[in-house]
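*Asks:* Below is the structure I would like to discuss, written out as structure tokens.
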Amino acid sequence: AGECHVHAGINGNELAAQARSHPDAELYVHPECGCATSALYLAGEGAFPADRVKILSTGGMLDAARVSHAKQVLVATEVGMLHQLRRAAPGVDFQAVNDRASCRYMKMITPAALLRCLLEGADEVVVDRPTADRARASVQRMIEIGQPGGGE
């Protein structure tokens with residue numbers, strides 16, 4: 001079973017420490033994060049107010065940021081998301097749960113590289129049928145969690 005190494009590396013201990021250090025913050029957690037269960041546990045145990053814990057896709061995080069009244073939000077996902085959140089809600093202090101949660105592979109995707117792929121039809125990824133069949137349920141679940149067209 002595959003997983004995102006960046007999300008898997010954001011753990012419950014870091015989340016709990018950040019929650020204790022920022023008791024008034026909201027918490028946005030990507031569902032693939034290793035700390036998602038810990039976030040729900042903290043909310044369930046009353047260690048962090050349940051109404052401030054949000055398990056969200058990246059598009060959901062942007063939507064929530066645009067309407068948030070929070071002064072501070074702890075974010076458990078890849079740190080590149082902080083830039084988009086800060087642009088969406090400049091008055092909110094967005095902080096990473098783990099400031100080392102950076103994906104070098106995502107950083108390789110640039111607008112110029114994407115444009116080249118689209119114009120030239122280059123770098124197409126072909127997945128064999130058995131692999132596609134095994135991955136389909138996970139991809140469909142990600143689509144269900146997110147909102148198509150919402151920035152995912």
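We did not get these values from a lab; they are worked out from the coordinates using the rules stated. This one's a predicted model, so the numbers in the text were calculated from it and none came from an experiment. Neighbour counts run over all protein chains shown; Cβ positions are idealised from the backbone, glycine included.
*Asks:* Can you compute the modelled spin-label distance between ARG86 and THR37, with each label point 7 Å from Cα toward Cβ, in nm?
*Replies:* Going by the 7 Å Cα→Cβ label model, 3.3 nm.
*Asks:* What fraction, in whole percent, of alpha-carbon pairs in the chain exceed 20 Å separation?
*Replies:* Values: 6250 of 11476 pairs.
Percentage above 20 Å: 54.
*Asks:* Between VAL126, VAL97, VAL29, which gets the highest mean-square fluctuation from a Gaussian network model of the chain, Cα cutoff 10 Å?
*Replies:* VAL126
*Asks:* Oh, and also: Using a 10 Å cut-off on Cβ atoms, rank the peptides 18-25, 69-76 from the highest mean neighbour count down. Let's see the in-between values first.
*Replies:* Details: 18-25: 15.4, 69-76: 19.9.
Output ranking for 18-25, 69-76: 69-76, 18-25.
*Asks:* Suppose the chain between ARG66 and ALA113 were pulled fully straight at 0.36 nm per residue; how much longer would it get relative to their current alpha carbon spacing?
*Replies:* Values: separation 47, 0.36 × 47 = 16.92 nm, distance 2.90 nm.
Roughly 14.0 nm would be gained on extension.
*Asks:* May I ask you to derive the relative contact order of region 5-102, considering only C-alpha pairs under 8 Å and at least 6 residues apart, and to give it as an integer percent? Please report the intermediate quantities before stating the final value.
*Replies:* Numbers: 169 pairs, mean separation 31.9, N = 98.
This gives 33 percent for region 5-102.
*Asks:* How many angstrom lie between the Cα centre of region 18-34 and the Cα centre of region 83-127?
*Replies:* Region 18-34 and region 83-127 have Cα centres separated by 21 Å.
*Asks:* Rank these for me by crowding, TYR28, TYR105, TYR41, going from fewest to most other beta carbons within 10 Å.
*Replies:* Ranking TYR28, TYR105, TYR41 by Cβ neighbours within 10 Å, fewest first, gives TYR105, TYR41, TYR28.
*Asks:* Another question, then. Quick one: if you stick a label point 7 Å off each Cα along the C-beta vector at ASP24 and SER102, how many nm between them?
*Replies:* My value for the distance between the label points is 3.1 nm.
*Asks:* Go ahead and set up a Gaussian network model of the chain, Cα springs under 10 Å, then flag whichever of ARG116, ARG100, ARG52 fluctuates most.
*Replies:* ARG116
*Asks:* Could I ask something else about it? Tell me, what HN-Hα J-couplings in whole Hz come from the Karplus equation 6.51 cos²θ - 1.76 cosθ + 1.60 at θ = phi - 60° for each residue of region 105-112, using x for Gly and Pro?
*Replies:* Values per residue, Gly and Pro as x: 6, 5, 5, 7, 8, 10, x, 5 Hz.
*Asks:* Okay, next question. Take ARG104, ARG141 and order them by how many other Cβ atoms sit within 10 Å, fewest up front.
*Replies:* Details: ARG104 7, ARG141 11.
Taking fewest neighbouring Cβ atoms as first place, the list is ARG104, ARG141.
*Asks:* Right, here's the next one. Could you run the Karplus curve 6.51 cos²θ - 1.76 cosθ + 1.60 with θ = phi - 60° over region 73-83 and give me ³J(HN,Hα) per residue in whole Hz, x for Gly and Pro?
*Replies:* My calculation for region 73-83 gives 10, 8, 10, 10, 6, 4, 5, x, 5, 4, 4 Hz in order.
*Asks:* Follow-up question, since we're still on this one. In a Gaussian network model over the chain where Cα atoms closer than 10 Å are linked, find which of GLY91, GLY121, GLY44 has the largest mean-square fluctuation.
*Replies:* Checking each option, the largest mean-square fluctuation is seen for GLY121.
*Asks:* Fewest to most neighbouring Cβ within 10 Å: what's the order for MET108, MET142, MET61, MET81?
*Replies:* Details: MET108 8, MET142 13, MET61 27, MET81 22.
In increasing order of surrounding Cβ atoms, one gets MET108, MET142, MET81, MET61.
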